[in-house]
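The values are calculated or read from the model by the stated rules, or taken from the named source; none is laboratory data. A quick note: this is a predicted structure, and the numbers were derived from the prediction, not measured. Note that we place each Cβ from the backbone using ideal geometry, even for glycine, and neighbour counts take in every protein chain shown.
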Amino acid sequence: MDFQNILSDQRNLFNSQKTKNLKFRKMYLEKLKEVLLKNEELLYDSIFKDFGKSKFDTFTTEISFVLKDIDYFLKNLNSLAKPKKVRTNLANQLGSSKIYPEPLGCTLVIGAWNYPYQLSLSPVVAALAAGNTCILKPSEIAENTMKAMAKIINENFPKDYFYVAEGGIEETTEILKQKFDKIFFTGSPKVGQIIYEAAAKHLTPVTLELGGKSPAIVTSSANFDVAAKRIVWGKFLNAGQTCVAPDYILVDEKVKDSFLDSLQSYIQKFNYHSESENYTQIINQRNFDRLVNLIDQEKVYFGGKTDAAKRYIEPTIMHDVTWNDKVMQEEIFGPILPVLTFKNFNEALLQIAAYEKPLSAYLFSDNSEEKEEFTIKISFGGGCINDVVMHLSNDYLPFGGVGNSGIGNYHGKYGFDAFSHQKAVLDRATWGEPDLKYPPYTDKKLNW
Ligand code: NAD
């Protein structure tokens, strides 16, 4: 497909002003909803082919997310798009000042494979709601979902408004040579750098939703039962292939043994095993091999079994892990949970701060001082106290990383802002103006 022509057609459409019309935006948001619902079975099937994932999981972590976003924008678009009146300072009287949210223009969304519908289509929904055109490049790694998106979108949407480009690194590299008005990328920090460099050539603004090693701290004051239940759910959801999954645990050494016990009992209760439809496969052989290589069998506390034919890795807890172990040198992105210990809380915070800033961080504690120190002393994109992952489901919170885990954020209003320019306009009256700012600059004016 000739991306240059598609982009040039999208630019013509954008310049025609049509995409700025609120009725036009709403009509296509409705259409997207209709197309997704009409093709629900194809969406479930393709996820099943890529991940062996259940309908329930696919609905709750993928489709319902996108539908919720569409509904949010249908309901809130008028107020989000409305110019906001702000105060006008004395020097600009008589005048009025407004901020106009303006669509950036032609946008490119590059998705990740781990939640392929949510992570590709949610940014697209925000881009279209904000009045832009969009080219989406889903991840080729989740091949069946990429093909499903290309089919249902390209058959139902005009290419000069919203188009799904298929392909891998070669095609993405080609697309990135074009000048976009915004690039929204979800993926690894390593590829994030490539995207940022390509965007810099055209001074294109970016949102980079990246990853990192997200810690979960469990202190002696925590409710262990709740902590274990929530951590096991958030870690092994999608077999750990979740950007905000707790990557590792830092537990107070005094309570380590009983906490390990609680973790194990929840893995068993949740009945995660190779035949379970509640448990997901590893996406491909390359990631399977990478993950198997991170498991140190001598440090396995629970799990550790693998099956290459099924790309299955049992939920695995490793204990007696040190900061020098292989599993602590990279983002795990799979169902392996290393448990490290700390003697005092401040030491735990210092250890986290020695790593790159993570996308998320979690604290399980019942102590208000610990909660405050966790929130203030370490930097992370977003997180929870006494839970994991769920902060991303609250659209009133911005979702994004900081430092190595990303630039910018989205969800709800923040998604609209990510794809908008805030145009500042001062509208002045043509009367009632003091002569002060105009030459000749006399001493009298200086001493005013
Ligand atoms: P990835 O960076 O390998 O790939 C992401 C996208 O980049 C894909 O569409 C791929 O085609 C493209 N790509 C890969 N190599 C490229 C290259 N050389 N040039 C141009 N494009 C290229 O990431 P992934 O394996 O899909 O996902 C895993 C990573 O993404 C993890 O680090 C995870 O934490 C992160 N992630 C972050 C979020 C978030 O919301 N912040 C969500 C999911 C995943």
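Looking at Thr186, Thr204, Thr173, which is the one that is hydroxyl-bearing (Ser, Thr, Tyr) and in contact with a Gly (Cβ under 9 Å, 6 or more places away or on another chain)? When all the criteria are applied, what remains is Thr186.
Just one of the listed residues (Lys137, Lys177) is without any contact (Cβ under 8 Å) to a residue 40 or more places away in the chain, within 21 Å of Phe419 (Cβ to Cβ), basic (Lys, Arg) and touching a helix residue (DSSP H, G or I) at 6+ places or on another chain (Cβ under 8 Å), namely Lys137. Is it the case that some residue within segment 150-161 is within 15 Å of the ligand (Cβ to nearest atom) and either surrounded by fewer than 24 Cβ atoms within 10 Å (Cβ to Cβ) or in a helix (DSSP H, G or I) (or both)? Checking segment 150-161: at least one residue is within 15 Å of the ligand (Cβ to nearest atom) and either surrounded by fewer than 24 Cβ atoms within 10 Å (Cβ to Cβ) or in a helix (DSSP H, G or I) (or both).
If the condition is being out of contact with any Asp or Glu (no Cβ under 9 Å at 6 or more places or on another chain) and not in a helix (DSSP H, G or I), then segment 111-131 contributes Gly111, Asn114. Within this structure, Thr88 passes the test of being away from the ligand (no atom under 12 Å from the Cβ), over 21 Å from the mean Cα position of the chain (by Cα), surrounded by 16 or more Cβ atoms within 10 Å (Cβ to Cβ) and among the β-branched types (Val, Ile, Thr). For residues in segment 324-365 being within 30 Å of Asn409 (Cα to Cα) and aromatic (Phe, Trp, Tyr), which is surrounded by the most Cβ atoms within 10 Å (Cβ to Cβ)? Taking the candidates together, the pick is Tyr362. Are any residues in segment 316-357 under 29 Å from Tyr272 (Cα atoms) and of a type in the set (Ser, Thr, Tyr), and if so, which ones? Thr316, Thr322, Thr341 - these are the residues of segment 316-357 that are under 29 Å from Tyr272 (Cα atoms) and of a type in the set (Ser, Thr, Tyr). Between Phe180, Phe185, the distinction of being surrounded by 16 or more Cβ atoms within 10 Å (Cβ to Cβ), within 9 Å of the ligand (Cβ to nearest atom) and more than 30 Å from Lys371 (Cβ to Cβ) belongs to Phe185 only.
Condition check for Ile169 on (1) over 22 Å from Tyr414 (Cβ atoms); (2) aliphatic (A, V, I, L, M); (3) in contact with a strand residue (DSSP E or B) (Cβ under 6 Å, 6 or more places away or on another chain); (4) within 9 Å of the ligand (Cβ to nearest atom): one failure, at (3). Touching a helix residue (DSSP H, G or I) at 6+ places or on another chain (Cβ under 9 Å) and β-branched (Val, Ile, Thr) - does that describe any residue in segment 396-408? Checked against the condition, which is being touching a helix residue (DSSP H, G or I) at 6+ places or on another chain (Cβ under 9 Å) and β-branched (Val, Ile, Thr), segment 396-408 yields at least one hit. Can you find a residue in segment 108-118 that is away from the ligand (no atom under 16 Å from the Cβ) and touching a residue at least 24 places away in the same chain (Cβ under 8 Å)? No - not one qualifying residue is present in segment 108-118. The residue list Tyr272, Tyr279, Tyr301 contains one member that is part of a loop (DSSP other than H, G, I, E, B) and over 24 Å from the mean Cα position of the chain (by Cα), which is Tyr272.
Every residue, every condition in (1) over 22 Å from Phe14 (Cβ atoms); (2) outside the structural domain of Leu363 (by the TED database); (3) of a type outside the set (Asp, Glu), yes or no:
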site	(1), (2), (3)
Ala127	no, yes, yes
Glu143	yes, yes, no
Glu155	yes, yes, no
Ile169	yes, yes, yes
Lys179	no, yes, yes
Lys182	no, yes, yes
Leu203	no, yes, yes
Thr219	yes, no, yes
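Taking the condition of being of a type in the set (Val, Ile, Thr) and assigned to a helix (DSSP H, G or I), how many residues in segment 212-255 meet it? Of the residues in segment 212-255, 4 are of a type in the set (Val, Ile, Thr) and assigned to a helix (DSSP H, G or I). Of all residues in segment 353-377, those satisfying the criterion of being in a loop (DSSP other than H, G, I, E, B), modelled with pLDDT of 95 or more and within 11 Å of Pro215 (Cα to Cα) are Lys357, Pro358, Leu359. Could you look through segment 373-384, keep only residues that are of a type outside the set (Gly, Ala, Ser) and surrounded by fewer than 18 Cβ atoms within 10 Å (Cβ to Cβ), and pick out the one that is farthest from the chain's Cα centre (by Cα)? So the residue we want is Glu373.
Matching residues to (1) part of a loop (DSSP other than H, G, I, E, B); (2) of a type in the set (A, V, I, L, M, F, W, C); (3) surrounded by 10 or more Cβ atoms within 10 Å (Cβ to Cβ):
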residue: Asn404; (1), (2), (3): no, no, yes
residue: Asp417; (1), (2), (3): no, no, yes
residue: Ala424; (1), (2), (3): no, yes, yes
residue: Glu433; (1), (2), (3): yes, no, yes
residue: Pro439; (1), (2), (3): yes, no, no
residue: Lys444; (1), (2), (3): no, no, no
residue: Trp448; (1), (2), (3): yes, yes, no
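Of all residues in segment 331-353, exactly one satisfies the criterion of being closer than 30 Å to Gln297 by Cβ and without any contact (Cβ under 8 Å) to a residue 24 or more places away in the chain, namely Glu347. Go through the residues of segment 132-139 one by one and say whether even a single one is surrounded by fewer than 20 Cβ atoms within 10 Å (Cβ to Cβ) and either near the ligand (Cβ under 9 Å from one of its atoms) or in a helix (DSSP H, G or I) (or both). No, there is no match, as no residue in segment 132-139 is surrounded by fewer than 20 Cβ atoms within 10 Å (Cβ to Cβ) and either near the ligand (Cβ under 9 Å from one of its atoms) or in a helix (DSSP H, G or I) (or both). Residues that are of a type in the set (A, V, I, L, M) and within 30 Å of Tyr312 (Cα to Cα) do not occur anywhere in segment 89-108. Taken as a whole, the structure places Glu102 among residues that are away from the ligand (no atom under 16 Å from the Cβ) and assigned to a strand (DSSP E or B).
Tally time: how many residues in segment 70-123 are under 24 Å from Ile153 (Cα atoms) and hydrophobic (A, V, I, L, M, F, W, C)? Residues flagged as under 24 Å from Ile153 (Cα atoms) and hydrophobic (A, V, I, L, M, F, W, C) within segment 70-123 amount to 13.
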